[in-house]
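Colleague: The structure's right below; bear with me while I get my questions together.
The values are calculated or read from the model by the stated rules, or taken from the named source; none is laboratory data. For clarity, every value in this text was computed on a predicted model and none was experimentally measured. Here Cβ is always computed from backbone atoms with ideal geometry, including for glycine, and neighbour counts include all displayed protein chains. Ligands, DNA and RNA are stripped out before the accessible areas are found, and what is left, the full protein with its side chains, is counted by its heavy atoms. Shrake-Rupley method; radii C 1.70, N 1.55, O 1.52, S 1.80 Å.
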Amino acid sequence: MTPGRPVPPPLAKPVTPEPAGPESTAVDGRRLAAACGATAPDSGLVPLTLARRAPGPDDVEIAIEFCGLCHSDVHATRGEWGGRIWPLVPGHEIVGTVSQVGSAVTDFAAGDRVGVGCIVDSCRECESCLDGLEQYCENGMTGTYGAVDRRNGGAVTQGGYSSSVVVDRRYVLRVPAALDPAAAAPLLCAGVTTFSPLRHFDVEEGDVVGVVGLGGLGHMAVKLAKAMGAKVVVFTTSEAKVAAALELGADEVVLSRDEAAMAAANRSIDLIIDTVAAPHDLNPFFRTLRVDGALFQLGLPSEAMPPVNPGALIRRRIAYAGSLIGGIAETQEMLDFCAEHGVAADIEVVRADQLNEAYDRMVAGDVKYRFVLDTSTLQAPAKEADA
């Protein structure tokens with residue numbers, strides 16, 4: 001495995017803009033969109049109406065078909081990650097079709113199926129942005145929801161639990177025709193979050209990849225690593241997940257609470273993708289790594305983790321690293337890779353009136369493995385906007 005694989009250039013084909021179809025009511029040049037979001041930390045998700053900006057020269061207006069539900073949406077709308085500006089419409093796993101393009105847009109046209117992930121803007125000038133690593137923008141990327149959009153008058157971005165969205169063309173992705181649009185939605189967060197560290201270490205046939213945890217991120221890590229030709233070992237604390245891991249394509253499952261099983265896995269893994277978002281001891285997993293192995297932390301626990309033993313790293317030249325989603329070009333590469341290899345998220349599609357129940361089920365771990373909102377079930381927009 002070779003760390004630091006270069007990020008490829010964006011893969012957008014040139015197309016000619018076409019006129020958009022009929023739109024919803026316009027207010028002061030803005031378009032009203034149906035949505036579902038929170039008005040306070042304890043409000044739950046309720047019907048809302050958004051005023052989307054009119055497309056500028058570089059903008060793409062998207063009629064949203066599906067939006068994945070990410071656990072971070074729960075944290076954000078329930079006020080668990082600090083202060084928010086309300087109302088807040090979550091959703092950063094957006095798939096839909098282009099309804100209109102700006103006058104300067106040449107790489108998308110009306111009718112194209114496209115996606116929008118976690119980023120809708122960045123400074124475009126720092127070293128990270130110029131290297132295609134917008135997720136690490138040194139001046140702060142603009143998130144798809146709940147972020148101040150400095151390039152558009154300081155408006156607060158609102159996400160994909162909505163009937164439409166307007167996004168700068170630089171942050172819009174092509175969704176290949178081979179991908180089911182609903183199952184493709186979670187790829188824009190869970191997919192690229194697991195794809196990025198696998199690509200960074202250039203995982204290939206013959207490598208052994210360990211996956212800690214088997215939820216929304218973990219099930220994508222299993223599928224992607226298998227598609228890259230790796231042997232996949234899932235580590236789980238639950239015997240109930242053994243069969244599920246094997247069904248997803250794992251070659252082996254290790255019960256991490258079984259000391260004998262963990263000892264048998266000593267020095268057998270090249271790369272570990274840790275998706276667990278609760279505090280847990282990493283030191284037993286370090287012992288399963290070979291020389292020059294690495295453990296990538298993707299889960300973000302809300303409480304302190306047990307301390308890492310430096311000796312475990314030093315004795316085998318092990319790297320302990322983190323990784324955040326992916327840049328725009330890398331996300332496009334991931335979508336194309338998934339289309340080529342038949343990889344998609346395992347999903348359950350929900351209606352708008354099931355969102356609050358879906359949030360409670362996510363917290364309880366009652367989903368295999370991602371929920372996706374069918375935006376056609378949103379209520380029609382009101383005559384006045386809530387945000």
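Colleague: Taking the Cα centre as origin and putting +1 on Lys and Arg beta-carbons and -1 on Asp and Glu beta-carbons, what dipole magnitude results for the chain, to the nearest 20 debye?
Modeller: 380
Colleague: Continuing with this model, one more query. Rounded to the nearest 10 Å², what accessible area does Thr142 show when all protein chains are kept and the probe is 1.4 Å?
Modeller: About 10 Å², ignoring ligands and nucleic acids.
Colleague: If I histogram all Cα-Cα distances within region 298-343 using bins 5 Å wide from 0, what percent of pairs lands in each bin?
Modeller: 5, 15, 13, 15, 14, 11, 14, 11, 1
Colleague: Might you tell me the accessible area per residue for region 181-250, computed with a 1.4 Å probe and given in Å²?
Modeller: Normalised by residue count, the accessible surface of region 181-250 is 27 Å².
Colleague: Please identify every one of the GluC sites (Glu not before Pro) in region 281-387 that sits in a loop by DSSP and has no more than 15 other beta carbons within 10 Å of its own beta carbon.
Modeller: Glu303, Glu384
Colleague: OK, next. List the aspartates and glutamates whose Cα sits under 19 Å from the Cα of Lys368, skipping any in the same chain fewer than 8 residues away.
Modeller: The reachable aspartates and glutamates, counting only those whose Cα sits under 19 Å from Lys368, are Asp73, Glu93, Asp180, Glu239, Glu247, Asp274, Asp346, Glu348, Glu357, Asp360.
Colleague: Using the alpha carbons of the chain, what is the convex hull volume per residue in cubic angstrom, as a whole number?
Modeller: 133
Colleague: Follow-up question, since we're still on this one. Tyr320: accessible area at probe 1.4 Å, nearest 10 Å²?
Modeller: Ignoring ligands and nucleic acids, Tyr320 comes out at about 100 Å².
Colleague: Using helices alone, I'd like the mean residue ellipticity at 222 nm for the chain: each DSSP H run of four-plus residues gives -39500 (n - 2.57), total over residue count, nearest 500.
Modeller: For the chain, the value works out to -5500 deg cm²/dmol.
Colleague: Given H placed on each backbone N at 1.01 Å, which residues far from Glu65 in sequence or on other chains put an amide H within less than 5 Å of it?
Modeller: Amide H neighbours of Glu65: Val95, Gly96, Thr97.
Colleague: Just in region 261-297: which trypsin sites (Lys or Arg not before Pro) are loop by DSSP and have at most 14 other Cβ atoms within 10 Å?
Modeller: For trypsin sites (Lys or Arg not before Pro) across region 261-297 that sit outside H, G, I, E and B with at most 14 neighbouring Cβ atoms in 10 Å, the list reads Arg267.
Colleague: Same structure, new question: At 1.4 Å probe size, with the rest of the protein present, what percent of the exposed accessible area of region 154-275 is carbon and sulfur atoms?
Modeller: Exposed carbon and sulfur together represent 46 percent of the surface.
Colleague: For region 122-276, what is the largest minus smallest coordinate of the Cα atoms on each principal axis, given in angstrom and ordered from greatest to least?
Modeller: On the principal axes, region 122-276 reaches 59, 35, 29 Å in Cα extent.
Colleague: So, one more: To check you understand DSSP bridge types, tell me what percent of the beta bridges within the chain (both residues inside) are antiparallel, rounded to 5.
Modeller: If I count the DSSP bridges inside the chain, around 60 percent turn out antiparallel.
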